[in-house]
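For reference, the structure discussed in these notes is given below.
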2 protein chains.
Amino acid sequence: MVDKPCAAVILNHMVVNRSPRLDRVFHALAHPARRAILQRLAGGEHNLSELAAPLRMSFPAASKHVRVLERARLVRRRVVGRTHICRVEGKPLEEAERWLEEYRRHWERNFLRLDALLDQMKAEEREKKPDHRRE
Amino acid sequence: MVDKPCAAVILNHMVVNRSPRLDRVFHALAHPARRAILQRLAGGEHNLSELAAPLRMSFPAASKHVRVLERARLVRRRVVGRTHICRVEGKPLEEAERWLEEYRRHWERNFLRLDALLDQMKAEEREKKPDHRRE
DNA sequence: CGGTTTGTCAACCATTTGGTTTAAGTTTTC
DNA sequence: GAAAACTTAAACCAAATGGTTGACAAACCG
């Protein structure tokens, strides 16, 4: 009852491919303030005050953004004295990059296959044009 | 009045580095249903009914997800008759990948620099240890 | 023509997000 | 010990998200 036979093959990979970690990573990257924080941290460690200073928002707001980055495991903090020092973490980003890479790979492979199919159809049409079936 | 001199250099790149397109792309990728739609579309074109079928949600909900993907320019639709046929678009994803790549580059370069700094500090400490200053 | 398929729109709802302000908790410093 | 620095917590708010249902508009098929 699936719409098309070729769709069933693809369904192996999806239906509901839950991945809360990936959700959190992409969501964390979806806000300019959080990307700014990450870019800042890419230059080295900073505490919360330093991170919040250039952002045009209140300190608690910036603190919440850092917390979002932590939930996505993109940032880790260590508390030394009264300051909370943050640094970036690489592994979660790798997963996101891997998803994008696989997506692109799948997509480009399909394009090649589509080109081949079009060539084949063109060749078939050249040989026998009497058989006229739509769809 | 900026906290540290080295911070001012980095501030060129940020403060408020608005990029609504990037926001939309990452936000679009942050939901499992939308990633599933993209993976499905990576295998070829589909209309809305086909996209909505495997998703455990109402048709209008799925339609909204496709609309989010369209606003992010990750998906384009063409209307033929009563069916809306969707296909993936590659360029916006490239921008996201570029951001991730630059972020990683910046971050890894800093790690190298940090290693060099640690070596230098170790060497200095070896030569003259009388100067004992905390921080 | 009438019914079915395909899809949108509008209204509604619960939850999350992103922001604020004010208060409170720890360290450090003087 | 008092003040200042660095953060969190709590209360609150507006807007966005993610989902539902029901009504409607086309387009296709019989």
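The values are calculated or read from the model by the stated rules, or taken from the named source; none is laboratory data. Please read all numbers here as calculations on a predicted model, not as lab measurements. Cβ coordinates were reconstructed from backbone atoms using ideal geometry, including for glycine residues, and neighbour counts include every protein chain displayed. Heads up: the accessible areas ignore ligands, DNA and RNA and are worked out on the full protein's heavy atoms, side chains in. Shrake-Rupley method; radii C 1.70, N 1.55, O 1.52, S 1.80 Å.
Annotations for the structure displayed:
Residue-by-condition table, conditions (1) modelled with pLDDT of 95 or more; (2) outside any helix (DSSP H, G or I); (3) over 17 Å from the mean Cα position of the chain (by Cα); (4) facing chain A (nearest Cβ under 9 Å):
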{"position": "B:R34", "(1), (2), (3), (4)": "yes, no, no, no"}
{"position": "B:M57", "(1), (2), (3), (4)": "yes, yes, yes, no"}
{"position": "B:P60", "(1), (2), (3), (4)": "yes, no, yes, no"}
{"position": "B:R73", "(1), (2), (3), (4)": "yes, yes, no, no"}
{"position": "B:V79", "(1), (2), (3), (4)": "yes, yes, yes, no"}
{"position": "B:H106", "(1), (2), (3), (4)": "no, no, no, yes"}
{"position": "B:F111", "(1), (2), (3), (4)": "no, no, yes, no"}
{"position": "B:M121", "(1), (2), (3), (4)": "no, no, yes, no"}
{"position": "B:E125", "(1), (2), (3), (4)": "no, no, yes, no"}
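- Selected residue (criterion: most open to solvent (accessible area, probe 1.4 Å)) from residues of the stretch A:10-32 that are more than 8 Å from chain B (Cβ to nearest Cβ) and modelled with pLDDT under 95: A:R21
- Residues that are of a type in the set (F, W, Y) and more than 9 Å from chain A (Cβ to nearest Cβ) within the stretch B:87-104 are absent altogether.
- Each residue in the stretch A:42-83 was checked for being more than 13 Å from DNA strand D (Cβ to nearest atom), open to solvent by less than 70 Å² (accessible area, probe 1.4 Å) and within 18 Å of B:W107 (Cβ to Cβ), and 5 of them qualify.
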